[in-house]
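Presented below is the structure to which this report refers.
Throughout, read-outs are computed from the coordinates displayed, never taken from laboratory work. Treat the numbers as computed from the prediction; the structure is a model and nothing was measured. Methodologically, a virtual Cβ is constructed for each residue, glycine included, from the backbone with ideal geometry; neighbour enumeration extends over all protein chains shown.
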Amino acid sequence: MTYNIDDKGYYGKFGGAFIPEMLHANVEELKQQYISIMNEPSFQADFQNLLKDYVGRPTPLYFAKRLSEKYKAKIYLKREDLCHTGAHKVNNTIGQILMAQRLGKTRIIAETGAGQHGVATATVCALMGMECIVYMGAVDIKRQAPNVMRMKMLGAEVRPAESGSKTLKDATNEAIRDWISNPKETHYIIGSVVGPHPYPDMVAKFQSVISEEIKWQLQEKENTPNPDYVFACVGGGSNAAGAFYHYLDEPNVKLISVEAAGMGINSGESAATSVLGTLGIIHGSKTLLMQTEDGQIIEPYSISAGLDYPGIGPMHAHLIDSKRAQTFSVTDQEALDAALDLSRIEGIIPALETAHALHALSLIDFEPNDIVVLNLSGRGDKDLQTYISNYDL
Amino acid sequence: MNRIEKLFEEKKSSILNIYFTAGFPNLTDTVTIIKSLEENGVDLIELGIPYSDPLADGTTIQESGNIAIGNGMSLKVLFEQLKDLRKESQIPIILMGYLNQVMQFGVEKFIKKCKEVDIDGLILPDLPVDVYEAEFKSLISSNDLSISFLVTPQTSDERIEQIDANSSGFVYVVSDSSITGGKSGISSQQIEYFKRLNNKSWKNPRLIGFGISDAQTFNTACTYANGAIIGSAFIKALKKGGDDVTQTCKTFVESIRN
Ligand SMILES: Cc1ncc(COP(=O)(O)O)c(C=O)c1O
């Protein structure tokens, strides 16, 4: 069993490219070229330099002493929150903007939920002097206002998606429609390991720097590259894909993915795709998604805009289906509590998305010597408004 | 030979294909609209199965789909509505929908139902050719259904051959790089593209769709293909026309065929 992509663009039975003909030329071009471009020495040099000097990599692997005492295991936090722009998302946008340049594209579009991917895209577009248009659900524009301001300050145009639940799924639909209408000059920087092949694999490869670093950092600190557990939250699944990537074929490393249960898995207000999802097609990919019997996509819900997505990347669908990963669903309230907890015992205010993964630490009975790495995917600045209105401080 | 193939054998030009969303504006309008379009001289109907996330469609078709879903339309309901259609109407009908809906219904069951209600063809814009060959092709041909794949200005010559080879009935020529309901008018650049296509040899006849909205664009499209497909403009007329859909069909078709 392999957990990586096969030569047809599938993870097991998940993945593929289910796209209308209007997208075919662009997706095919990317598919033909992404591996060879990524392997060019000049691409690698540019990518590595920017990750180092611009993003601030490697990000620290921090031994969280008080968190470890609380959960009675050795808990390390992989500090993606310290990346430039405040989340792991920038690893991917740096890679994709370099890709877009080599494909001769001059106009960039992106979708965003929490606004982190939008900010990371607006940032690299500013850096490279490219036009940038970000689609964002009208609901998300309200709940992630600081990130909307940041995108504007960085020179991007933020276009509201007004259809459906006005969140990430709808922003993605609008971005795809834009790409159909502007096929020649435009590159679509997808923000997670979703969409038609080769996007899930390309984004996973750009994010794989996370587990590449964890390996040598853990070797230095614990004299082994492999932890017992890796925890990550899953919206589309890009930070989890990056944190899992180099451990996929290490069966002793348990992979824990954490999704948003919203008000509760069966409340009707949830984004718990691994439990509620069935096999279908969303945004060009065959994967698990929340849908009605008739195949209409169900509007998801989570307090966290970055996890408010009715699907899951095909890699994760395969990891769940093959039982390689274990999944937990965490509610809004549990995530809010976990965020406050980390702030108070480690002095780190996490993103709401990450807070879901933090709560899941309480759901496993660790052995005292277990080494646990939790991917701290982002910082909580963007969520202050939500935090403040939910805590009685 | 199904009704689509028969149509193209008998008629080579000015074929008018009208798209509308099943269950719009009201749930039970589907069959009424089919019959009035037929009575008013439409050649072919593309019946849209409403979908929550239609990636290739603009706001007009999206909204009609949302209303239809809200009205209670689904594949199950649609097949029920079409059950007795052939007693009253012989117009060729194509079902257009997104692959996920068909997957959830079940591919074999879907094809069987299409045959049962005597539908003639399919358009599934997000069905990749390799998946078509593996899961659909033999079922479709053994049930005498046609399937139309799409060609766009970006489609390579090599791929055009593949698309023509896999299509039956007709090939759907997307007029421009756009979603449905885009800008009106046909540019000289689009004409160049139509001419380029006409210089190739084809197995199938061709219909031009996307951005065809009135008599002028219809006639222009018909100069460069066997006919054309009108969708969003008709949905807009239905929306404006209110409950008398029969009258809307008559007025709309007359405005195109004047
Ligand atoms: C901080 C943070 N973590 C996680 C996510 C979820 O995305 P993914 O599952 O692709 O990592 C987001 C998305 O916006 C985010 O901003």
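Miscellaneous remarks
- Partnerless cysteines, meaning none of the other Cys C-beta atoms lie under 4.7 Å away, in chain A: A:Cys83, A:Cys233
- The range B:199-255 and the range A:107-149: distance between their alpha carbon centers, rounded to Å: 38
- Intensity falloff of the range A:137-231 expressed as log10 I(q)/I(0), Debye formula with alpha-carbon point scatterers, at q = 0.11, 0.15, 0.20 Å⁻¹: -0.52, -0.81, -1.05
- Exposure proxy ranking for A:Asp249, B:Asp57, A:Asp365, B:Asp118, based on other Cβ atoms within 10 angstrom of each Cβ and starting from the fewest, stands as A:Asp365, A:Asp249, B:Asp118, B:Asp57.
- Debye intensity ratio in log₁₀ form over the Cα atoms of the protein assembly as shown, taken at each q of 0.08, 0.11, 0.12 Å⁻¹: -0.59, -1.04, -1.19
- Here is the list for the range B:95-193: trypsin sites (Lys or Arg not before Pro) lying in DSSP coil, each with at most 14 other C-beta atoms within 10 angstrom of its C-beta, are B:Lys183.
- Residue-averaged beta-carbon neighbours from other chains (10 angstrom radius) around B:101-110: 3
- Taking chain A and dividing mean pair separation by its residue count, relative contact order in percent (alpha carbons under 8 Å, at least six apart): 20
- Across every pair of non-identical alpha carbons in the range B:113-258, the mean reciprocal distance, once inverted, gives a Kirkwood radius of 16.6 Å.
- Listed cross-link partners A:Lys74/A:Lys215; B:Lys113/B:Lys200; B:Lys6/B:Lys137; A:Lys78/A:Lys382 are compared with a 25 Å cut-off, the Cα-Cα value being larger for B:Lys113/B:Lys200.
- Net charge of neighbours whose Cβ lies under 13 Å from the Cβ of B:Asn204, counting Lys and Arg as +1 and Asp and Glu as -1: 0
- Alpha-carbon centroid distance for the pair the range B:65-103 / the range A:1-45, whole angstrom: 35
- Highest-fluctuation residue, A:Val372, A:Val90, A:Val134 considered, GNM on chain A with Cα pairs under 10 Å: A:Val372
- Comparing Cα centroids, the range B:157-198 and the range B:114-146 end up 21 angstrom apart.
- Mean sequence separation of contacting Cα pairs (under 8 Å, at least six apart), scaled by the length of the range B:1-93, corresponds to a relative contact order of 38 percent.
- Annotation note: GluC sites (Glu not before Pro) in the range B:12-116 located in DSSP loop regions with a Cβ neighbour count of at most 12 within 10 Å are B:Glu88.
- Result for chain A in a Gaussian network model with C-alpha springs under 10 Å: among A:Ile35, A:Ile109, A:Ile364, the largest mean-square fluctuation is at A:Ile364.
- Taking the convex hull of Cα positions in the range A:242-349, its mean projected area over all directions (nm²): 7.8
- Mean separation of Cα contacts under 8 Å (6+ apart) over length of the range A:225-338, as relative contact order %: 29
- Most mobile listed residue (A:Met315, A:Met22, A:Met263) in chain A, GNM with C-alpha springs under 10 Å: A:Met22
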